[in-house]
1. Just to verify a result, which residue in region 59-79, among those that are touching a strand residue (DSSP E or B) at 6+ places or on another chain (Cβ under 6 Å) and not β-branched (Val, Ile, Thr), is nearest to SER22 (Cα to Cα)?
2. Go through (1) surrounded by 10 or more Cβ atoms within 10 Å (Cβ to Cβ); (2) over 13 Å from the mean Cα position of the chain (by Cα); (3) closer than 17 Å to TRP9 by Cα for ASP96 and report which single condition fails.
3. Of the conditions (1) buried (at least 19 other Cβ atoms within 10 Å of the Cβ); (2) under 19 Å from ASN11 (Cβ atoms), PRO89 clears all except one; give me its number.
4. May I ask you to list the residues in region 53-89 that are in a loop (DSSP other than H, G, I, E, B), of a type in the set (Val, Ile, Thr) and more than 13 Å from LEU29 (Cβ to Cβ)?
5. If a residue must be surrounded by 20 or more Cβ atoms within 10 Å (Cβ to Cβ), farther than 19 Å from ASN5 by Cα and not small (Gly, Ala, Ser), how many such residues does region 58-79 contain?
6. Search region 17-45 for residues that are touching a residue at least 40 places away in the same chain (Cβ under 8 Å) and surrounded by 13 or more Cβ atoms within 10 Å (Cβ to Cβ) and pair each with any residue that is acidic (Asp, Glu) and part of a loop (DSSP other than H, G, I, E, B) when their beta-carbon atoms are under 8 Å apart and the residues are at least 6 apart or on different chains.
Amino acid sequence: MTLANAQAWCNGINGNLPIPESAEENEFLAGLGSTWLGFLTTDMVGLTFTYWRSNEPSGDSTGVQLIAEEQKWGYTWDGRWNDGSDEWPTTCYINDIKGV
């Protein structure tokens, strides 16, 4: 899905796109699969952790993707980040589940 659709979907289920705060959290997310991340390349203030592949962000887009695959587009990713605008899978962190 697009970044805008991913944000709307997460918001609709009382969630948000993940923003990894450590290597361990990034590894956990990569284990779930590729996903949009919850920040833009134009607003990275406050990030406590980054895991960009070399030469990224490259200016392709403002959306940030965690690429779980080891190899994609002829490059090694293995959980590293890319600035992209492709249709992309999405993981949401749920903020609160009431009644459980």
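1. The qualifying residue nearest to SER22 (Cα to Cα) is LEU66.
2. The failed condition is (1).
3. Going through (1) buried (at least 19 other Cβ atoms within 10 Å of the Cβ); (2) under 19 Å from ASN11 (Cβ atoms) one by one, PRO89 breaks only (1).
4. Going residue by residue through region 53-89, those that are in a loop (DSSP other than H, G, I, E, B) are 53-62, 67-70, 73-74, 77-80, 84-89.
Now restrict to residues that are of a type in the set (Val, Ile, Thr): 62, 67.
Passing the criteria: only THR62.
5. 1
6. Cβ pairs passing all conditions: ALA30/ASP78; SER34/GLU69.
Every read-out reported here was derived from the displayed coordinates using simple, explicitly stated rules and does not represent laboratory data. Just so we're clear, the structure is a prediction, and the values are computed from it rather than from any experiment. Heads up, the Cβs are rebuilt from the backbone with ideal geometry, glycines too, and the neighbour counts pull from every protein chain shown.
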